[in-house]
Structures are given as structure tokens and as C-alpha cells.
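**Student:** Let me give you the structure first, and then I'll get to my questions.
The values are calculated or read from the model by the stated rules, or taken from the named source; none is laboratory data. Quantities reported herein were computed from a predicted structural model and do not represent experimental measurements. Heads up, the Cβs are rebuilt from the backbone with ideal geometry, glycines too, and the neighbour counts pull from every protein chain shown. In case anyone asks, the SASA skips ligands and DNA or RNA and just uses the protein heavy atoms, side chains included. Shrake-Rupley method; radii C 1.70, N 1.55, O 1.52, S 1.80 Å.
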Amino acid sequence: MIRINCPYCGERDHSEFSYGGDATINYPSLDASEKEWTEAIFFRKNIKGFQFETWHHSNGCRMWLVVERSTVTHEIKSVKPCHPNLQKVVENNK
Amino acid sequence: MTKFNAWNVIKNGLNGQSYWTRQWRDPEPKSSYDVVIIGGGLHGLATAYYLAKNHNIKNVAVLEKGWIGGGNAGRNTTIVRSNYMMPGNHEFYEHSLKLWENLSHELNYNVMFSQRAHVSLFHSPGAKDSVSRIYNIMRLHGTDAELWDLKTLKKKIPHLNYHNSRFPILGAAVQKRAGNARHDAVAWGYARAADTLGVDILQNCEVTGFTRKNGNIESIQTSRGIIKGKKIGFAVAGNTSVLWQMAELGNLPIESHKLQAFVSEAVKPLLDQVVVYGVGGAHFYISQSDKGSMVFGGDLDWYKSYAQRGNLPMVQDVAEAAMAIFPSLGRIRLLRHWAGVMDMTMDGSFFICKTPISNLYLNAGWNYGGFKASPASGWYFADLIANESPHNYVQNHNLERFEKGINIDERGAGPDPKLHG
């Protein structure tokens, strides 16, 4: 079991969460070329090692998180709210 | 290499089994080959075999970082079927099934291919309609397919749970020519047959880098020295992205996920088919090995991973599915479970294609279905490498299909790799 330290709920089993995917994708502008959109939608770095990825606390607070996790050892370095402004809120409430 | 036949079995029986030769050589790497296949799994070995057999290209090396049979070749549930409907896929997998039917003779090695029928249960009228459509498409293309009503199913497999009120069994879609095989024997059989035709199988030979010249890959750095190849093929599903980035080719439409498989203690004959139970997108498949063990598997672990070990929530999930459909397995003990790393692609279909590097060819993206595909994968990958253009069946199984909008998505699940079964 992987344990994910949800910033809102505390440390929980990963079975409470749903895996999203690569958190570093930047979607291009609407008028960008097909090539750029294909790259953003279909092509992945598929990192072997530490990566930033999204998880949804689907059986908990239902918030989206960005998790820095190793895809080899499953060790987690950091967990943050997906929305950048919510990180400040979480820190202020500590 | 001593051929397996009745005469040799009797002769060695009388001589204390002392005249058998080793199954394949353990050669030192040569400095250069006509074709270097990276990855000594079923697909790599089959490719080397068909390069030598069909295309008379015998100066071939297969590079394996571990040992033959130690990767995904030994980490599957050994199911062979061809129930696909998308153009390209059904012809490809049907060709694979035909190769399976003659594989033991072809390789002079008993791969224990058993056409015991693949029985896919359905649980609602909607599911019946959906599967009927797929199996009708199969029939139109000459693949065997039939529907079993509840009466037939109860006669064939009496001990399924027919009293499940949440997911009542209404019948099954059946492919009788499908079944399973012994996975180790397939790996050893292809290795032995390829070796006999002159292919060098280099184990403990890990690729660590590439040297580029004029846009081509000139040589490969490995843990056993530098090896040159006029043509190079990647057949390393699970780790394709790692090698792809080592060659500085950027991103791929692939995520690596792990899939678990389970083996129980051996019991008396209980199940004479491969049974698939799939409700609500979930997935459970089970068969009984010749030794008597129940061999079964379920879904992915649902998060990206390169670790070859499974996680416990999926063990529970699979055990629950087993109990839902086979309550008689309740007291059976699990002997082993393991995980294999797979290339999950953005549309659930594979790649056998050329790459941006002119002497590099790609075989990747096998999702859940690499085992059954092995013979045809080797067949058409060898064809691509030898003739430098893809066969009609695999002409759209390339990296450009996403940009062109001709995704080959059997499940219609969209661009999320973990959703493709």
C-alpha cells in the first residue's frame, strides 16, 4: 500500500485515491497547431524515477493533488494541492 | 542441438539421458550484426526466428538484459485468443492464432498450446448485444465465434455462481479455438529454434547507450561491449520509453503500468476453459494449468509504475472477483503472485513501425495482450525490418496514427492509457 499524505485530510491509503496522470502537461493555446495538440494529448515522458503526477482523493475530500513519487520505488517526496492558490491556504491554516 | 523426436527420446532413455545437447549456445558478442534486436522476450525471440526463417537474415543478435524467460515472457496468464474487431487488429491476431496452432511443430518444441475455448461471460442484455456485435465481426472475417446460452453454459461449466443477483450470468461469448499455452516453453522454443538457425542470443547484455552517426544509430553500448547493427529493433515493451529516450527520440504515446497475475496451489481438474468475468469495466480471467494450479489475473494496479511487484488492494480486488464468480475457490491457497510492467498505449493498440531514425524499428505497446500476439508480432516485425515497409495488417500501427486521427481503440476508452484493457 502506498500512503499519500493528503494536505487536507492527512495520511491515507492510496486505495482512497484515483491516479490521474502526468502533472506537467501544458496544454497549448486553442489555435496551436495539430502537432502541438497531438503532443500534449497523446505523448508522455513516461519517467522511470521521480515524477510529478496528479491524484484525486476520490473517496475522501475529492480534491486533486500533485504528488512527487518515484515510479520505481513508489517513494513519495511531496504532496501539494493541484491549484497553486490553495497551497497558501493550506499553509496558513497549519 | 538434438532434435526432439521419438527416436531421440528412446535412444536417450536407454543411454541415461546423457546425449542431449544444450538448448541454445551462450556465444560471445560479435562486433557487428545485420540486425540487432534489443529485448529477449517472446517478441524479440520470435522476430529473430522469423528473420532467419522467412527472410534468410541469419546474422542476427538478440540482446537481453536479464535471462530468457525472466521478464514479461514469464509474467503473464498465458491466454491466447483473437477476439478483436478493429481493422488491422483482427487480421493480425487471427494470423497469430493460426501460427499458435502449428507452433509446437514449427519450433520442434512442445509449447503445450491447448485450444480449450475462451469463455467470456455477459451479465446484461446490453452486454450481450455489444459482444454479439464484436463476435459477428469476427465471424465475418473468418474467425470462429459463437454465443452460448445459459443452458449450454451450465452444462459446460456447472460450478460458476449462477445465483449472483447483482451480476446474473446470462450466457457467454465463446471462441473455441482460443485457449492457453505454457509461456516458458514458448520462450525456450523460440530461443532454441532461432539459435539453431544461427541467431546469437546474448543474455545479461544490457543496453546502456547509443552512438549516432549521420542520423543513424551506428553502434550500441552494452554491458558486454560495443555492438554494431546495420538495423536495430526495439522489442522491450514495458521499458520502451526508457530506451526511446536513451536514443534521444523524445516522448511516446505510452505509459508503463504493472499488471499482476496469480497462481494457486494445484487442485484436481476443475476448469476446462479460460473464463473471463468482466463487469463495470472490471476484469477477471481464470484458467487451470496442466499442473492443476488455478492461474488468474485482474486489472492493472491503476497507477503508473516500473516496479515488477504488485500492490495489495488489487490482490483483494481479484480475490473478490474470484469469489463472486467461483465461490468454490474460497478455500484455495494462493502460492505466488507477481507483476509485469507493460506499455499501456493511448488507444490500447500496439506499434510495429518505422521510427524517426532510419535504421531503427519499433515493436512496442502491447498493453494486456502481448503473450498471444508473440508469433504474429515476430512475424510482422521481421517482415518490416527485412522489407522496410509495413505489411497491410500493421500499416496503421504506427506513431503517426494519433495525429492523423485514426486511433485503433477497441474499447473506445480515449487517450488514458490505464483504461485500455
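Table: residues versus (1) touching a Gly at 6+ places or on another chain (Cβ under 9 Å); (2) open to solvent by less than 70 Å² (accessible area, probe 1.4 Å).
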site: A:5; (1), (2): no, no
site: A:8; (1), (2): yes, no
site: A:12; (1), (2): yes, no
site: A:17; (1), (2): yes, yes
site: A:26; (1), (2): no, no
site: A:36; (1), (2): no, no
site: A:42; (1), (2): no, yes
site: A:45; (1), (2): yes, no
site: A:51; (1), (2): no, yes
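**Student:** Considering only region B:71-83, how many residues are buried (at least 23 other Cβ atoms within 10 Å of the Cβ) and assigned to a strand (DSSP E or B)?
**Tutor:** Adding up the residues that qualify gives 1.
**Student:** When you look at residue B:110, is it within 23 Å of residue B:295 (Cβ to Cβ) and not hydrophobic (A, V, I, L, M, F, W, C), yes or no?
**Tutor:** Against the criterion (within 23 Å of residue B:295 (Cβ to Cβ) and not hydrophobic (A, V, I, L, M, F, W, C)), residue B:110 qualifies.
**Student:** Shifting gears a bit: Would you say residue B:11 is of a type in the set (D, E, K, R), free of Cβ contacts under 8 Å to residues at least 40 places away in the same chain and either touching a helix residue (DSSP H, G or I) at 6+ places or on another chain (Cβ under 9 Å) or farther than 24 Å from residue B:235 by Cβ (or both)? Steps first, please.
**Tutor:** Working: of a type in the set (D, E, K, R): yes; free of Cβ contacts under 8 Å to residues at least 40 places away in the same chain: yes; either touching a helix residue (DSSP H, G or I) at 6+ places or on another chain (Cβ under 9 Å) or farther than 24 Å from residue B:235 by Cβ (or both): yes.
The answer is yes for residue B:11.
**Student:** Just give me the residues in region B:54-70 being open to solvent by 60 Å² or more (accessible area, probe 1.4 Å) and out of contact with any helix residue (DSSP H, G or I) (no Cβ under 8 Å at 6 or more places or on another chain), in sequence order.
**Tutor:** B:56, B:65, B:67
**Student:** Now, a different point. Output the residue which, of all residues in region B:231-276 that are of a type in the set (Gly, Ala, Ser) and within 11 Å of another protein chain (Cβ to nearest Cβ), is nearest to residue A:74 (Cα to Cα). So that I can check it myself, show each step before the final result.
**Tutor:** Initial filter on region B:231-276 (of a type in the set (Gly, Ala, Ser)): B:233, B:235, B:237-238, B:241, B:247, B:250, B:256, B:261, B:264, B:266.
Now drop any that are not within 11 Å of another protein chain (Cβ to nearest Cβ), which leaves B:238, B:241, B:250, B:256.
On the way: B:238: 17, B:241: 18, B:250: 24, B:256: 14 Å.
Restricting to residues being of a type in the set (Gly, Ala, Ser) and within 11 Å of another protein chain (Cβ to nearest Cβ), the top hit is B:256.
**Student:** Is it fair to say residue A:75 is over 18 Å from residue B:344 (Cβ atoms) and of a type in the set (Asp, Glu)?
**Tutor:** Here the answer is yes, as residue A:75 does meet what is asked.
**Student:** I've got another one for you. Could you tell me how many of the residues in region B:410-421 are surrounded by 17 or more Cβ atoms within 10 Å (Cβ to Cβ) and either more than 12 Å from every other protein chain (Cβ to nearest Cβ) or touching a Gly at 6+ places or on another chain (Cβ under 7 Å) (or both)?
**Tutor:** Number of matching residues: 3.
**Student:** Hey, another quick one. So, residue A:70, is that one on the phi < 0 side of the Ramachandran plot and open to solvent by less than 20 Å² (accessible area, probe 1.4 Å) or not?
**Tutor:** Considered against the rule, which asks whether it is on the phi < 0 side of the Ramachandran plot and open to solvent by less than 20 Å² (accessible area, probe 1.4 Å), residue A:70 comes out as yes.
**Student:** Report the residue count in region B:134-152 for those that are part of a helix (DSSP H, G or I), charged (D, E, K, R) and either within 25 Å of residue B:326 (Cβ to Cβ) or open to solvent by less than 50 Å² (accessible area, probe 1.4 Å) (or both). Please lay out each step first, then the result.
**Tutor:** The first filter runs over region B:134-152 and keeps only residues part of a helix (DSSP H, G or I), leaving B:134-140, B:150-152.
In the following step, the residues that additionally are charged (D, E, K, R) were identified as B:139, B:151.
Still in the list and also either within 25 Å of residue B:326 (Cβ to Cβ) or open to solvent by less than 50 Å² (accessible area, probe 1.4 Å) (or both): B:151.
Summing the residues that are part of a helix (DSSP H, G or I), charged (D, E, K, R) and either within 25 Å of residue B:326 (Cβ to Cβ) or open to solvent by less than 50 Å² (accessible area, probe 1.4 Å) (or both) in region B:134-152 gives 1.
**Student:** Whether any residue in region B:394-407 is among the β-branched types (Val, Ile, Thr) and either open to solvent by 60 Å² or more (accessible area, probe 1.4 Å) or within 13 Å of another protein chain (Cβ to nearest Cβ) (or both) is what I want to check.
**Tutor:** yes
**Student:** Considering only residues that are assigned to a loop (DSSP other than H, G, I, E, B) and either without any contact (Cβ under 8 Å) to a residue 12 or more places away in the chain or open to solvent by 100 Å² or more (accessible area, probe 1.4 Å) (or both), which ones fall in region A:77-94?
**Tutor:** The answer is A:93, A:94.
**Student:** If we scan region B:169-177, do we find a residue that is open to solvent by less than 20 Å² (accessible area, probe 1.4 Å), modelled with pLDDT of 95 or more, over 24 Å from residue B:286 (Cα atoms) and not polar (S, T, N, Q)?
**Tutor:** Within region B:169-177 (the criterion being open to solvent by less than 20 Å² (accessible area, probe 1.4 Å), modelled with pLDDT of 95 or more, over 24 Å from residue B:286 (Cα atoms) and not polar (S, T, N, Q)), the answer is no, since none of the residues qualifies.
**Student:** May I pose another question? Select from region B:123-133 the residues that are open to solvent by 40 Å² or more (accessible area, probe 1.4 Å) and either among the β-branched types (Val, Ile, Thr) or not in a helix (DSSP H, G or I) (or both) and list them in ascending order.
**Tutor:** Once the filter is applied, which keeps residues that are open to solvent by 40 Å² or more (accessible area, probe 1.4 Å) and either among the β-branched types (Val, Ile, Thr) or not in a helix (DSSP H, G or I) (or both), region B:123-133 yields only B:124.
**Student:** Quick check, is residue B:306 among the hydroxyl-bearing types (Ser, Thr, Tyr), within 23 Å of the chain's Cα centre (by Cα) and within 23 Å of residue A:55 (Cα to Cα)?
**Tutor:** Numbers: among the hydroxyl-bearing types (Ser, Thr, Tyr): yes; within 23 Å of the chain's Cα centre (by Cα): yes; within 23 Å of residue A:55 (Cα to Cα): yes.
Criteria met by residue B:306.
**Student:** Another question, then. Restricting to region B:1-20, what's the tally of residues that are under 17 Å from residue B:110 (Cα atoms), open to solvent by 70 Å² or more (accessible area, probe 1.4 Å) and among the hydroxyl-bearing types (Ser, Thr, Tyr)?
**Tutor:** 0
**Student:** Something else now. Considering only residues that are under 26 Å from residue A:13 (Cα atoms) and more than 14 Å from every other protein chain (Cβ to nearest Cβ), which ones fall in region B:320-329?
**Tutor:** Of everything in region B:320-329, those that are under 26 Å from residue A:13 (Cα atoms) and more than 14 Å from every other protein chain (Cβ to nearest Cβ) turn out to be B:321, B:322, B:323, B:324.
**Student:** Out of region B:277-317, which residues are within 14 Å of chain A (Cβ to nearest Cβ), touching a Phe, Trp or Tyr at 6+ places or on another chain (Cβ under 9 Å), open to solvent by 30 Å² or more (accessible area, probe 1.4 Å) and part of a loop (DSSP other than H, G, I, E, B)?
**Tutor:** Scanning region B:277-317 gives B:308, B:309.
**Student:** Out of B:335, B:362, report the one residue that is open to solvent by 10 Å² or more (accessible area, probe 1.4 Å) and in a strand (DSSP E or B).
**Tutor:** B:335
**Student:** Right, something else. Return the only residue of B:390, B:375 being open to solvent by less than 10 Å² (accessible area, probe 1.4 Å) and either over 28 Å from residue B:214 (Cα atoms) or part of a loop (DSSP other than H, G, I, E, B) (or both).
**Tutor:** B:375
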